[in-house]
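S.K.: I am attaching a structure below and will ask some questions about it afterwards.
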Amino acid sequence: LTESLQQEVRQGDKIMSEDVNNYPGIFYPNNSESVAPGGRIIRVLDSIDSAAINSTIAINRGLRENVQTGQVFSIYRRGEVVQDRQAGGQQVRLPSERTGLAMVFRTFDKLSYAIVLESKGVIKVGDELRPPVSSAE
């Protein structure tokens, strides 16, 4: 091992041949709604758990859910559970809030990589993915 791509190398890491990609340099965003709902962010690459604009994220949707290169998703933070004082202290969940927008640039069978295009708040592992409703969301 002569180069580590500016990341640590640990005991047990595997050395693999470099994957020569033949991916296009230009991606055209699309808004296909044929993707199975309920997608989530499962990993933020090069970070512990939060993402911002231009961060790369891994999502739990891939080719088996019809995800395509260029697919755009809105990112939503799940609403908090709070006590409703008007309902005698009953627990209620607040609505989810849109926190960003991401576009898929690489797909695999069970997951995809996407780049965060927009961020209106903290984007974290576990946040929900939905098809964007409109650009004025």
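The values are calculated or read from the model by the stated rules, or taken from the named source; none is laboratory data. Given the structure is predicted, the values throughout are model-derived calculations rather than measurements. Quick reminder, even Gly has a Cβ in these numbers, built from the backbone with ideal geometry, and neighbours come from all protein chains shown. Ligands, DNA and RNA are stripped out before the accessible areas are found, and what is left, the full protein with its side chains, is counted by its heavy atoms. Shrake-Rupley method; radii C 1.70, N 1.55, O 1.52, S 1.80 Å.
S.K.: Within the range 1-46, track down each residue that is among the small types (Gly, Ala, Ser) and either open to solvent by 100 Å² or more (accessible area, probe 1.4 Å) or modelled with pLDDT of 80 or more (or both).
M.R.: Gly12, Ser17, Gly39
S.K.: A further question on this structure: Give the residues of the range 95-125 that are in contact with a strand residue (DSSP E or B) (Cβ under 6 Å, 6 or more places away or on another chain) and part of a loop (DSSP other than H, G, I, E, B), sorted by residue number.
M.R.: Ser96, Leu111, Lys120, Gly121, Val122, Val125
S.K.: Can I ask one more? Test each condition in (1) closer than 28 Å to Gly100 by Cα; (2) modelled with pLDDT of 75 or more; (3) open to solvent by 100 Å² or more (accessible area, probe 1.4 Å) for Ile57 and report the one that comes out false.
M.R.: (3)
S.K.: Residues being open to solvent by less than 60 Å² (accessible area, probe 1.4 Å), in contact (Cβ under 8 Å) with a residue 12 or more places away in the chain, over 16 Å from Pro29 (Cα atoms) and in a loop (DSSP other than H, G, I, E, B): count how many of those fall in the range 63-94.
M.R.: Number satisfying all stated conditions: 1.
S.K.: Shifting gears a bit: What do you reckon, is Ser119 small (Gly, Ala, Ser), out of contact with any Pro (no Cβ under 6 Å at 6 or more places or on another chain) and modelled with pLDDT of 90 or more?
M.R.: For Ser119, the condition - small (Gly, Ala, Ser), out of contact with any Pro (no Cβ under 6 Å at 6 or more places or on another chain) and modelled with pLDDT of 90 or more - is met.
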